[in-house]
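*Asks:* The following block contains the structure, expressed as structure tokens.
Any read-out appearing in this document is the output of simple, stated calculations on the displayed coordinates, not a laboratory observation. Bear in mind that the values here come from a model prediction, so they are computed numbers and not experimental data. Cβ placement follows ideal geometry from the backbone for every residue including glycine, while neighbour counts extend to all protein chains displayed.
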Amino acid sequence: MIINLLLKAIISGAGITIITYFAACFALLLWQHRLIFVPSRKVNTTPQDLGLTYEDVWLSVSSFQRQGERLHGWWIPNNLKGDRVLLYLHGNGGNISYNLGPAQRFNKLGFSVFMIDYCGYGRSGGEFPTEAEVYRDAQLAWNYLVEERQIQPKNIFIYGHSLGGAIAIDLGVRQPHAAGIIVENTFTSIREMVDERGLMYRLFPIELILQQRFDSLSKLRLLQVPLLLIHGISDSTVPAKMSQRLFNAANVPKKLLLVPDAGHNNVGAVSEEKYDQTVSEFSELVRHTQAKSMIDIRFESYY
């Protein structure tokens with residue numbers, strides 16, 4: 001009698017454990033994007049608060065699932081220093097208002113800056129995004145610059161911070177005529193981030209349930225435009241070795257800036273002159289690469 005009761009208790013306990021485990025797997029499968037994206041609707045600061053001229057931009061989303069939604073962005077012009085444009089793709093948290101400091105730095109370096117919020121962020125419509133949706137949002141921003149503002153792709157630099165770096169690399173692969181890509185404190189892939197930081201997730205069959213992959217490392221073999229990687233060595237969110245791995249994998253004109261004592265969000269503030277100098281040098285690298293490409297095209301045409 002006692003033995004039968006013990007067996008029932010053990011079986012019942014094991015059954016509950018199994019059900020709980022599979023329920024957790026199912027929840028991760030369905031809602032993993034809510035662990036990756038951390039949007040904020042709160043916009044308390046505008047470029048005007050930093051003394052920057054700007055325009056509000058609204059982009060209509062044409063996909064069937066998100067019909068009627070609009071994305072919000074800021075166009076921050078620089079009319080004095082040439083025709084370079086920076087498409088700014090922010091990370092997984094906050095919104096564009098959290099990123100005005102870096103945007104101002106690029107504006108001072110001579111770039112007109114276009115910042116967008118993905119769906120669910122800031123004033124943009126929609127709910128929590130997915131990997132596929134933020135890729136589409138970045139493409140929509142690119143189309144706006146090329147089609148509406150008539151900016152030549154060769155003048156558009158794509159910038160991304162952290163998760164935005166993965167979005168920038170994806171867009172750069174799709175736009176081989178872009179000027180170049182600048183990514184800061186970004187990672188190789190979500191899968192490797194799980195291995196690096198997600199100890200609790202090792203209990204789950206990650207390869208089976210992971211849908212939001214952001215696999216920049218695999219995409220780099222397709223990249224055709226120059227690449228600048230910037231990373232704070234003291235970054236406790238994304239290890240700097242990931243930028244080193246991306247740099248080693250890229251087969252394009254490239255530069256890598258690793259900044260001692262800088263964390264995840266303060267590389268520009270810590271390095272200042274070195275940061276600005278590296279971006280300027282990268283811009284020159286792009287210019288030389290484009291000039292060489294034109295020479296190669298003429299040479300091939302001649303023969």
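*Asks:* Count charges around Asn155 for me, please; just the other residues with Cβ under 10 Å from its Cβ, Lys/Arg as +1, Asp/Glu as -1.
*Replies:* Working: positive: Arg84, Lys154; negative: Asp83.
Value of the local net charge: +1.
*Asks:* Restricting attention to region 81-137, which GluC sites (Glu not before Pro) occupy a DSSP loop and are surrounded by at most 14 other Cβ atoms within 10 Å? Could the numbers behind the result be given before it?
*Replies:* Numbers: sites: Glu127, Glu131, Glu133; in loops: Glu127.
Listed in order of number, the matching sites are Glu127.
*Asks:* May I pose another question? Output wanted: per-residue J couplings in Hz (rounded whole) for region 244-258, from phi through Karplus 6.51 cos²θ - 1.76 cosθ + 1.60, θ = phi - 60°, x for Gly and Pro.
*Replies:* 5, 5, 5, 4, 5, 7, 6, 10, 9, x, 8, 9, 9, 10, 10
*Asks:* What does the charge count around Gln277 come to, taking other residues whose C-beta lies under 12 Å from its C-beta (Lys +1, Arg +1, Asp -1, Glu -1)?
*Replies:* -3
*Asks:* Now a separate question. Add +1 for every Lys or Arg and -1 for every Asp or Glu among the other residues with Cβ under 12 Å from the Cβ of Ala249, and state the total.
*Replies:* +3
*Asks:* Please list the non-local residues whose amide H lies under 5 Å from the amide H of Asn92, H modeled 1.01 Å from N, same-chain partners needing a gap of 5 or more.
*Replies:* Here the answer is Leu163, Gly164, since their amide H atoms fall under 5 Å of that of Asn92.
*Asks:* Something else: I need the shape label for region 32-302. Rule: rounded when a/c is under 1.5, else prolate if a/b > b/c, else oblate, with a, b, c from the alpha carbon gyration tensor.
*Replies:* It is rounded, given that a/c, with a ≥ b ≥ c, falls under 1.5.
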